[in-house]
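Each reported figure results from applying straightforward, stated rules to the coordinates on display, with no laboratory input. As the structure is a prediction and not an experimental result, all values here were calculated from the model. So basically every Cβ, Gly included, is an ideal-geometry build from the backbone, and we count neighbours across all protein chains shown.
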Amino acid sequence: MPQPREGGSPVPGAQGLPAARPADAPAGLADRYGRRATDMRLSLTDKCNLRCTYCMPAEGLEWLAKQAVMSAEEIVRIVRVGVDLLGVRELRLTGGEPLVRADLVSIIAALRKAHPELPISMTTNGVGLDKKAAALKAAGLTRINVSLDSLHEETFADLTRRPFLDRVLAGVDAAWAAGLGPVKLNAVLMRGINDAESPSLLAWALDRGYELRFIEQMPLDADHGWTRRNMITAAEIRDLLSADYLLSPDPRVRDGAPAERFEVRRRVAGSADPHGPVLGTVGIIASVTEPFCSDCRRTRITAEGKIMSCLFSREEFDLLGLLRDGASDQELAERWQDAMWVKPRAHGMDHVGLDAPDFVQPDRSMSAIGG
Ligand code: SAM
Ligand code: SF4
């Protein structure tokens with residue numbers, strides 16, 4: 001896997017704003033554009049047991065060496081610095097696939113012990129979740145997001161390059177039964193593969209009380225096969241769903257959430273009352289065509305302990321190296337603050353002609369960042 005450029009020193013200023021964090025910068029994980037990150041995404045591993053076409057190549061990636069990946073103790077320390085010194089209010093564990101990490105349950109238990117009130121959620125592909133859901137709940141996991149792009153065995157296997165649909169469905173049910181709700185499902189739509197399935201995927205989720213969220217495909221696949229022309233946009237997703245459903249904006253405040261939520265009602269042909277009962281909600285994460293960068297509250301730590309201020313950052317800041325060199329909590333906090341200070345204003349994906357040669361796709365795939 002090509003390695004991204006190492007950061008450590010601030011990037012040049014953007015639009016005349018100073019790159020170096022001034023002494024009077026706001027507390028916490030503030031940036032030059034007035035945002036403050038409070039939502040931490042931490043990757044537990046770069047490894048995965050699926051090979052989703054929009055994320056990994058068929059042959060997988062070269063995994064990080066074990067000693068390069070944060071240990072349980074290092075994770076707990078980094079989270080403690082984020083929560084106690086920098087105002088992190090929410091933690092999402094991700095990967096790669098977090099369930100492949102053998103010490104997952106004990107990591108969650110240690111995080112819970114250190115932070116009794118912190119919301120801790122996890123994004124997973126669901127393979128093996130049926131066996132671990134109860135233990136994850138008992139350890140203190142608050143909630144879960146499971147990725148599920150199709151309910152058809154063949155389509156699922158085409159998209160993930162693995163025949164594991166049954167195992168994922170068992171995982172979703174087990175998560176709900178274990179009390180890891182509200183269970184959210186993430187689906188990436190791919191043109192000509194699972195886009196037509198979107199209304200039935202929604203029907204399935206609504207029936208079971210799961211909250212489905214469609215995610216626009218982003219140019220973060222290791223194969224670099226993404227094209228603007230081929231991606232399914234949020235507008236198309238709304239159109240696809242509107243054959244069967246009426247979507248109206250969820251009145252709840254979005255509050256920095258990446259998903260725009262809609263209340264869902266059934267569309268009844270010829271009905272005089274288009275406003276039947278609300279069946280549930282659906283979310284659309286329109287990172288490409290309707291970006292929400294100006295309200296972004298996320299800070300990311302990769303499995304090898306690098307700070308990324310944005311999925312599309314080309315600069316990384318090594319937190320784990322500093323920790324292993326014996327840095328104090330205060331020194332770790334300051335490096336984290338420096339990294340976040342230079343968070344880009346926006347990812348730029350909304351620019352026209354994204355698949356033109358001047359668009360530089362990040363070196364890291366989604367799995368190597370932690371989505
Ligand atoms: N392996 C776990 C999973 O699949 O849920 C966690 C890591 S995965 C990188 C996190 C989320 O990123 C998943 O919901 C996945 O669908 C999404 N994802 C991966 N590649 C993506 C891409 N190129 N564009 C949009 N979402 C993507
Ligand atoms: Fe693995 Fe998740 Fe990437 Fe799929 S999206 S290959 S499950 S990391």
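Observations on the model:
- The modelled label-to-label distance for the pair A138/E154, using points 7 Å beyond Cα in the direction of Cβ, is 4.2 nm.
- Taken over the Cα atoms of region 148-197, the convex hull encloses 70 Å³ per residue.
- Spatial offset of region 127-156 relative to region 20-57 amounts to 23 Å, using the alpha carbon center of each.
- Ranked by the mean number of other Cβ atoms within 10 Å of their residues, highest first, the peptides 113-124, 300-311 fall in the order 300-311, 113-124.
- The Cβ shell under 10 Å around P57 holds other residues with a net charge of -1, Lys and Arg each +1, Asp and Glu each -1.
- Peptides ranked, highest mean first, by Cβ atoms within 10 Å: ranges 180-189, 142-151, 323-332: 142-151, 180-189, 323-332
- Listed residues G28, G225, G171, most fluctuating in the chain (Gaussian network, C-alpha, under 10 Å): G225
- Linear extension gain, R267 paired with K131, 0.36 nm per residue minus alpha-carbon span: 45.1 nm
- Per-residue Cβ neighbour rank within 10 angstrom, fewest leading, W341, W204: W204, W341
- Theoretical ellipticity at 222 nm over the chain - DSSP helices of four or more residues, -39500 (n - 2.57) apiece, nearest 500: -7500 deg cm²/dmol
- Set of aspartates and glutamates with alpha-carbon distance to K47 below 13 Å, sequence-local pairs under 8 removed: E59, E62, E97, E304
- Considering only region 25-369, percent of DSSP beta bridges that pair antiparallel, nearest 5: 40
- Those residues of region 158-175 whose amide nitrogen sits under 20 Å from the label point placed on E59, 7 Å along Cα→Cβ: 160-162
- Kirkwood estimate for the chain, i.e. one over the average of 1/r between Cα atoms, Å: 21.3
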